[in-house]
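Enquirer: Okay, handing you the structure first.
Please treat every number below as a calculation from the coordinates, not as lab data. Note that the coordinates shown come from a computational prediction; the quantities given were computed from them, not determined experimentally. All Cβ positions, even for glycine, are placed from backbone atoms using ideal geometry, and neighbour counts span all protein chains on display.
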Amino acid sequence: MFNPFKRSKEDVVFNMFKERLEKRGLTIKSIDDEGFIYIDVDESDLKISLENVRLNYKRDSDETHIDDLVDVIISHSFKIDDWEKIKDKIYIQFVPNDFDFGNTINERVTNEFSKVFTLSLNNGYSFIINDNLSDWNINLKDLQNQADFNLGILLLSKVKI
């Protein structure tokens, strides 16, 4: 019988990823037909792709790519509900419109790309969902303003005057 949680021995990245997750107290809930991995972390259902990690591992033979992803996932296990502590870590990213946004807050920018709001923690980004706005007691306009403000600071730090 096929077991989607048991990958071939050749899938070194998946095997190390699964092992490291379990050592940190998390388990894989499911894997879909496209290879996306689903993990329940607190009240969030995370959708994970290992493709970039696989490419980086193949290129560098460096396990820290796997550890960094696990650290980002673990960061979701801690309730981040204090807006004042995280607001300076709010940014935007652009993703192709064929992405399954689910409940991620997004805004179509062009026919090819949409803007999503992200929270930058532990060397990784996580998409912001509507539940986050409730947890932080803010509205969409507050989120947009903060992302714009943070982008302005980032741009000014890169400009030589």
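Enquirer: Can you list the residues, at least 5 places off or on another chain, whose amide H is less than 5 Å from the amide H of Ile92, using H built in the peptide plane?
Expert: Thr118
Enquirer: What distance in nm separates the two pseudo spin-label positions at Glu84 and Asp32, each 7 Å out from Cα along the beta-carbon direction?
Expert: Label-label distance for Glu84 and Asp32, simple model: 3.9 nm.
Enquirer: In nm, to one decimal, how far is the Val41 label point from the Asn111 one, both placed 7 Å along Cα→Cβ?
Expert: Going from the Val41 label point to the Asn111 one covers 3.6 nm.
Enquirer: Apply the Karplus parameterisation 6.51 cos²θ - 1.76 cosθ + 1.60, with θ equal to phi minus 60°, to every residue of the range 140-155 and state each ³J(HN,Hα) to the nearest whole Hz, in sequence, with x for glycine and proline.
Expert: With coefficients 6.51, -1.76 and 1.60, one gets 4, 4, 4, 5, 4, 4, 5, 4, 4, 4, 5, 5, x, 5, 4, 5 Hz.
Enquirer: I would also like to ask the following. Based on the alpha-carbon set only, what is the convex hull volume of the range 96-139 divided per residue, in Å³?
Expert: Details: hull volume 3.5 nm³, N = 44.
Per-residue hull volume (Cα only) is 81 Å³.
Enquirer: Taking amide hydrogens as modeled 1.01 Å from N in the peptide plane, which residues meet the under 5 Å criterion relative to Leu121, leaving out close sequence neighbours?
Expert: Result for Leu121 returns Ser126.
Enquirer: Applying the Karplus parametrisation 6.51 cos²θ - 1.76 cosθ + 1.60 with θ = phi - 60° to the phi angles of the range 98-103, what ³J(HN,Hα) value in whole Hz is obtained for each residue in order, glycine and proline being reported as x?
Expert: 7, 5, 7, 6, x, 9
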